[in-house]
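To start, the structure under review is shown below, and the notes come after it.
The values are calculated or read from the model by the stated rules, or taken from the named source; none is laboratory data. Bear in mind the structure is a predicted one, so any value in this text is a computation, not a measurement. Glycine also receives a Cβ, built like all others from the backbone with ideal geometry; neighbour counts cover every protein chain displayed. Quick note on the areas: whole protein, heavy atoms, side chains included, nothing else; ligands and nucleic acids left out. Shrake-Rupley method; radii C 1.70, N 1.55, O 1.52, S 1.80 Å.
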Amino acid sequence: MAEQIETLARFVAETTLAQVPAEVQRYAKLVALDTIGVILAGAERHEVRALRDRLVPTAGTGATVQAPGWPASDPRTAALLNGIAGRAIELGEGHRYVSYQGAMQILPGVLSVGEASGRTGADMLAALVLGYDVGARLGAAMKTRPLAHQNGQAALLGAAAAGARLRGLDAPQTSLAMRLATTLVLTPSYNNAMNGATTLNVAGGMSGVALSLAPDLALAGFTAQDDAIEEALAKLVGDGFDASNLLDGLGTRWEITRNWLRLRACCNPIYAALDALEQTVADLKAKADDVARIDVATFRFASVMRHPDPPNYFASKYSLPHVAACLVVRGSTGFSAVDDSALADPAIAAMRHRVHIVEDPAMTPSVPALKPARVTLTLRDGRKATRSCDSPRGDCLNPYDEREIRQKFRELAGRALTPQGLDEVERAVDALERWLSGAVLPDLLRRHGRADWR
């Protein structure tokens, strides 16, 4: 096996939380808070609720499903359900330079296994940070296939590493758990997203299952081939694997800080176009009835998200015409604006067909260093405004203010928690490293859940 893989395993097993800089720990806790809020809001989606109703009655105990009634479940089922819920509303974080949504594929498993096994908050925070690092680095070394969505691929291996850390496995056992997890790696397609196929979100939830299962496989004596990771990522789910830069900045460049966070309830690649559109609307003080057309030029990956009539809620998150129409008509692209009602709004439906999108071939080679877009807004009276955006707000190059992320948490989690509960959970997550056990969060959720959350 590549020595770099073994070094990653040692890094996960042997790095102490004290070796993680305080500012990295602080940011990781903000990412955790954001992720918890997204899970709580996503728990309301009808397909998530229906799956929960089917799985919980036959599940075990030990962990908490973050959903109405706070049902008990075994850690694998809880991680699966919470991960699927978090993926359902397209508001979780992701990595700036790699197709990788690590927090939503690692944190649900960390919370459920941490609760079930009585791990401390320090254990859980370390597992999140170190597992995230592994998944991002493997994702960067892997050449992804054009249609492959990252859910359940490199992130699943990062989740396995996080699970190994949480369970206290040593370096050889951690390596084994990661290699065993390659048999669980999945093959979701981006076409799921554009077509509104919510099966895509199951792949994200399965990473939480792997976080719990892979360490047990290692401890039970299952074996894996030495080059399992290289083979899986280079030949089975990917088209190549180059480990030469896998360890660059290891222990000094923390991947969880190189991410983006979302306030717009849509796929991140279309953020630059939306930022530019928002500027043109402000420049012209435009109202929806004033708009004649919106022309967008952007990089290839974003330009394919052009379906003017998305078939359902999930597909609408991947439709630039739809989200742009929400921005112009409703003045927002947040959770409450890009909702189910937006699909039936006649003003939004009409506006979608005024949005015209093309690839600018000069922009495509600049990705991922840049994620550019150029937007021209034309009004019925002939006035025009053009704006460009190379790196949208929300990523590590142009981050949101922390207060905006905390307000997002309060908006999303406020559907499930009382005002006092919001305060208590926020304070608790800010002090995650001081938790004596993983029961801290579920105890707060049960104590402060809203009686009217259904």
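Data table
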| read-out | value |
| --- | --- |
| Qualifying residue in region 23-43 (condition: in a loop (DSSP other than H, G, I, E, B), open to solvent by 30 Å² or more (accessible area, probe 1.4 Å) and out of contact with any Cys (no Cβ under 7 Å at 6 or more places or on another chain)) | no |
| Pairs with Cβ under 7 Å, 6+ apart, first in region 174-195 and within 17 Å of Asp216 (Cα to Cα) and in contact (Cβ under 8 Å) with a residue 40 or more places away in the chain, second open to solvent by less than 20 Å² (accessible area, probe 1.4 Å) and part of a loop (DSSP other than H, G, I, E, B) | Ala177/Leu169; Val185/Gly152; Val185/Gln153; Val185/Val237 |
| Any pair with Cβ under 9 angstrom, 6 or more apart, that starts in region 92-108 at a residue that is without any contact (Cβ under 8 Å) to a residue 60 or more places away in the chain and ends at one that is outside any helix (DSSP H, G or I) and of a type in the set (Val, Ile, Thr) | Ser99/Thr144 |
| Count - residues of region 57-93 that are open to solvent by 10 Å² or more (accessible area, probe 1.4 Å), within 24 Å of Ala136 (Cβ to Cβ) and acidic (Asp, Glu) | 0 |
| Count - residues of region 265-322 that are part of a helix (DSSP H, G or I) and either in contact (Cβ under 8 Å) with a residue 12 or more places away in the chain or acidic (Asp, Glu) (or both) | 30 |
| Residue within region 195-204 that is farther than 28 Å from Phe314 by Cα and open to solvent by 10 Å² or more (accessible area, probe 1.4 Å) present | no |
| Single residue of Ala214, Ala140 found to be farther than 30 Å from Val304 by Cβ, out of contact with any strand residue (DSSP E or B) (no Cβ under 8 Å at 6 or more places or on another chain) and buried (at least 18 other Cβ atoms within 10 Å of the Cβ) | Ala214 |
| Unmet criterion (only one of (1) under 30 Å from Ile229 (Cα atoms); (2) modelled with pLDDT of 95 or more) for Glu23 | (1) |
| Criterion: in contact with a strand residue (DSSP E or B) (Cβ under 6 Å, 6 or more places away or on another chain) and of a type outside the set (Phe, Trp, Tyr) - qualifying residue of Val56, Val12, Val31 | Val56 |
| Count of region 94-108 residues which are part of a loop (DSSP other than H, G, I, E, B) and either touching a His at 6+ places or on another chain (Cβ under 8 Å) or surrounded by fewer than 24 Cβ atoms within 10 Å (Cβ to Cβ) (or both) | 4 |
| Search result, residues across region 250-264 that are in a loop (DSSP other than H, G, I, E, B) and touching a His at 6+ places or on another chain (Cβ under 8 Å) | Arg258 |
| Positions within region 170-194 being open to solvent by 10 Å² or more (accessible area, probe 1.4 Å) and either of a type in the set (Val, Ile, Thr) or under 20 Å from Glu6 (Cβ atoms) (or both), in sequence order | Asp170, Ala171, Pro172, Gln173, Leu176, Arg179, Leu180, Thr182, Thr183, Val185, Thr187 |
| Enumeration of residues in region 11-22 that are exposed (fewer than 15 other Cβ atoms within 10 Å of the Cβ) and small (Gly, Ala, Ser) | Ala18, Ala22 |
| Options Arg446, Arg387: the member that is open to solvent by 60 Å² or more (accessible area, probe 1.4 Å), touching a Phe, Trp or Tyr at 6+ places or on another chain (Cβ under 6 Å) and either at pLDDT 95 or above or among the small types (Gly, Ala, Ser) (or both) | Arg446 |
| Qualifying residue in region 209-227 (condition: over 22 Å from Tyr132 (Cβ atoms) and either of a type in the set (Asp, Glu) or within 20 Å of the chain's Cα centre (by Cα) (or both)) | yes |
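Residue-by-condition table, conditions (1) closer than 28 Å to Phe301 by Cα; (2) out of contact with any helix residue (DSSP H, G or I) (no Cβ under 8 Å at 6 or more places or on another chain); (3) open to solvent by 10 Å² or more (accessible area, probe 1.4 Å):
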{"residue": "Met206", "(1), (2), (3)": "yes, no, yes"}
{"residue": "Gly221", "(1), (2), (3)": "no, yes, yes"}
{"residue": "Asp226", "(1), (2), (3)": "no, no, yes"}
{"residue": "Val237", "(1), (2), (3)": "yes, yes, yes"}
